[in-house]
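Every number in this text was worked out from the coordinates using simple rules, so none of it is lab data. Computed from a predicted structure; not experimentally measured. Reconstructed Cβ throughout: ideal geometry from the backbone, glycine too, with neighbour counts over all protein chains shown.
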Amino acid sequence: MAKYTEADCRLCRREGAKLFLKGERCLTKKCAMERRPVNPGVHPVSRKKPSEYQTQLREKQKVKRAYGLLEKQFRGYYEEAERMKGITGENMLSLLERRLDNVVYRLGLGSSRAQCRQLVNHGHFCVNGKAVNIPSFEVKVGDVISVKENKQKKGSFASVRESKVVVPKWLEFDSANLTGKVKNLPTREDIDLNIEEHLIVELYSK
């Protein structure tokens, strides 16, 4: 499967926004958006006014890269959201939020979505008591996500017990047992990324 292997910070600079791809580093002065908030490349500054298409494309790329998806995967979420009742853009963001790797990230069990995706791939988590190693697994209301007992003593998980984790209101987290539960489906208000999803819908609707 294709995979992006270049510097993650280039993606933030290209989209002109913090995508929090490097975890805690993004909150420090070492963040590339703090040190050099211009487009990567030989000619970082463009004087041209972006076209309508370019604006829509950049918004799509920003969301796709924030969640760590390839184009085919992202388009699949859009098409599924379009078939659902309600507002297509909000449906799409809700589906993205319900990915297992994102839920693990929202529970504070990893510093970035990329790290959480790797942890899921390596079989560190269970959903409703059953081992799941598919990052795109879609959680539902009532699902319980837990760290496997034989993995809980690992350093990264041990530190979670000692820290105060702030989770979105659609989730609840038991730091003592390293378990989380999906209370409700995520709504638009629960998504903290600066996203204009209507631009993505306009782009794919052409």
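The HN-Hα couplings worked out from phi for the stretch 49-57 by the Karplus form 6.51 cos²θ - 1.76 cosθ + 1.60 (θ = phi - 60°) are 6, x, 6, 4, 4, 5, 4, 5, 5 Hz, whole numbers, x standing for Gly and Pro. In order along the stretch 164-179, the Karplus-derived 3J(HN,Hα) couplings, from 6.51 cos²θ - 1.76 cosθ + 1.60 at θ = phi - 60°, round to 8, 9, 9, 10, x, 5, 7, 10, 9, 9, 9, 5, 5, 9, 6, 10 Hz, and Gly and Pro are given as x. Full extension of the chain between Asn150 and Leu185 yields a length gain of 9.6 nm, computed as 0.36 nm times the residue separation minus the alpha carbon distance. Positive end of the dipole of the stretch 66-183 (Cβ unit charges, origin at the Cα centre): among Ser111, Gly68, Ser163, the Cα lying farthest that way belongs to Ser163.
Using a/c under 1.5 as the rounded threshold, could you call the stretch 100-182 rounded, prolate or oblate? The axes a ≥ b ≥ c are square roots of the C-alpha gyration tensor eigenvalues, and prolate needs a/b larger than b/c, oblate otherwise. Rounded, because the longest to shortest axis ratio a/c is under 1.5. Based on the Cβ-Cβ distance of Ser205 and Lys72, what FRET efficiency does E = 1/(1 + (r/R0)^6) give at R0 = 22 Å, to the nearest 0.05? Once rounded, the FRET efficiency stands at 0.75. Summary of packing: across the peptides 104-111, 67-74, the per-residue average of other C-beta atoms within 10 Å ranks them, highest first, as 104-111, 67-74. For the stretch 164-206, the Cβ-based charge dipole about the Cα centre amounts to some 180 debye (Lys, Arg positive; Asp, Glu negative; other atoms uncharged). Structure note, pairs Lys140/Lys164; Lys64/Lys130; Lys140/Lys169; Lys85/Lys140: Cα-Cα distances above 19 angstrom occur for Lys140/Lys164; Lys64/Lys130.
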